[in-house]
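S.K.: Have a look at the structure that comes next, please.
The values are calculated or read from the model by the stated rules, or taken from the named source; none is laboratory data. Please read these numbers as outputs of a predicted model, since none were measured by experiment. Counting neighbours? That spans all protein chains shown, and the Cβs are built from the backbone with ideal geometry, glycine included. Just the protein is used for accessible areas: all its heavy atoms, side chains included, with ligands, DNA and RNA removed. Shrake-Rupley method; radii C 1.70, N 1.55, O 1.52, S 1.80 Å.
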Amino acid sequence: MLNWGLIRQSAGQVPMGSGPTISPNIPGPPAPPTPPKKVKIALALGGGAARGWAHIGVLRALNEADIEVGMIAGTSIGALVGGCYLAGKLDELEAFARSLTMRRIASLLDLTIGGSGLFGGMRLTKRMQEHLEGFSIEELDRPFVAVASELNTGHEVWIANGSLITALRASYALPGIFEPVRTNGRTLVDGALVNPVPVSVCRAYEQPLVVAINLHYDLFGRSAVVKHTAGPLHGEQQRRDEAPYTKLGMTGVMVQAFNIIQDRISRARLAGDPPDLALHPRLSDIGLSEFHRAGEAIERGYEEASARLAEIRRMQEAFAR
């Protein structure tokens, strides 16, 4: 006679009344793999005066793509845009930039006589105070560093605490144009004199993925080189592939000289401490003082960042693994 109890037990069952039912040990579906956590990027926002409005476009493109920024180090106008972004005031800054005309720019510049710069900068400071008064760098939700230069020693100064407005003013105090900023016993001027694209700052903060925005990449290229050819009648002749020469005033010469300084220092610093990725908005036709062309600069920054989003995502995935 068949023992039905044994049959039921062999099938993984226990006869009624003999104890708890034990279910067969059948493995369930494998748990889906946990996606790697996205790595935040650190931005090194370079100096470049009016070309710096391109930083606004870069930040817009990154926000739309949900690429999170974990830190910003900024020099000159890079510090201004980066500081306003972390303070939640990018919309206000963009509205201000797009509203600028030649006449309005002139109204914001307070000419000084016998001072350390052509302009005191207090009118611009008052505009900043409308939106940034009371902000300190420590209160920002992510690390922020503004780069300045110490005038008496030539030292590179990293401002990572204290008044946000003071840090921004010091970082963009272009020598000869804006008066230096005196704070904590130091005389500070534009950080682009020592570190135009502050990748090294992000590295010092041990950021894993550093993206640099260099505003001078296409400023001094092959088109700016004077080519010499020997002519049969007139000996050596100059041939230029660039726009005709236009006479520069004193301020124009100072600005162009500063262009050259930033370009050469940027090349040297980035060669020694390169970023993981560099963005190069095409801005060579926008002059340092053409702040009224903000719309064009913002658009070019947006286009450059949008075109490089796939690269940034690939690098994020690689660093996450």
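S.K.: Looking at (1) among the small types (Gly, Ala, Ser); (2) in contact with a Pro (Cβ under 8 Å, 6 or more places away or on another chain); (3) within 20 Å of Ala49 (Cβ to Cβ), find the lone condition where Ala320 falls short.
M.R.: Single failed check for Ala320: (3).
S.K.: Oh, and also: Looking at segment 284-321, which of its residues are farther than 17 Å from Phe96 by Cα and free of Cβ contacts under 8 Å to residues at least 24 places away in the same chain?
M.R.: Asp285, Ala307, Ala310, Arg314, Ala318
S.K.: Next up: Return yes or no: is Leu80 assigned to a helix (DSSP H, G or I), open to solvent by 10 Å² or more (accessible area, probe 1.4 Å), at pLDDT 95 or above and within 24 Å of Glu296 (Cβ to Cβ)?
M.R.: yes
S.K.: Right, another one. Do the conditions hold for Val197, that is, is it open to solvent by less than 30 Å² (accessible area, probe 1.4 Å), touching a strand residue (DSSP E or B) at 6+ places or on another chain (Cβ under 7 Å), touching a residue at least 60 places away in the same chain (Cβ under 8 Å) and aliphatic (A, V, I, L, M)?
M.R.: When the stated conditions are applied, Val197 passes them.
S.K.: To continue, here is another question. Which strands (runs of 3 or more DSSP E) does segment 160-233 wholly contain that include 2 or more residues that are farther than 13 Å from Gly48 by Cα and modelled with pLDDT of 85 or more?
M.R.: Qualifying strands (runs of 3 or more DSSP E): 181-183, 186-190, 210-213.
S.K.: Residues of segment 132-149 being outside any loop (DSSP other than H, G, I, E, B) and surrounded by 18 or more Cβ atoms within 10 Å (Cβ to Cβ), which ones?
M.R.: Hits for segment 132-149 are Leu132, Ile137, Phe144, Val145, Ala146, Val147, Ala148, Ser149.
S.K.: What do you reckon, is Val194 under 25 Å from Met250 (Cβ atoms) and of a type in the set (Val, Ile, Thr)?
M.R.: Yes, satisfied.
S.K.: Please enumerate the residues belonging to segment 39-56 that are farther than 13 Å from Leu215 by Cβ and open to solvent by 10 Å² or more (accessible area, probe 1.4 Å).
M.R.: The answer is Val39, Lys40.
S.K.: Has segment 117-131 got at least one residue that is open to solvent by 40 Å² or more (accessible area, probe 1.4 Å), more than 16 Å from Ala73 (Cα to Cα), modelled with pLDDT of 95 or more and not in a loop (DSSP other than H, G, I, E, B)?
M.R.: Scanning segment 117-131, I find no residue that is open to solvent by 40 Å² or more (accessible area, probe 1.4 Å), more than 16 Å from Ala73 (Cα to Cα), modelled with pLDDT of 95 or more and not in a loop (DSSP other than H, G, I, E, B), so the answer is no.
S.K.: Please work out if Ala11 is open to solvent by less than 90 Å² (accessible area, probe 1.4 Å) and at pLDDT 95 or above.
M.R.: Judged against the criteria, Ala11 is not a match.
S.K.: Can you work out which of the residues in segment 57-77 that are of a type in the set (A, V, I, L, M, F, W, C) and over 20 Å from Asp190 (Cα atoms) is surrounded by the fewest Cβ atoms within 10 Å (Cβ to Cβ)?
M.R.: Here the answer is Ala65.
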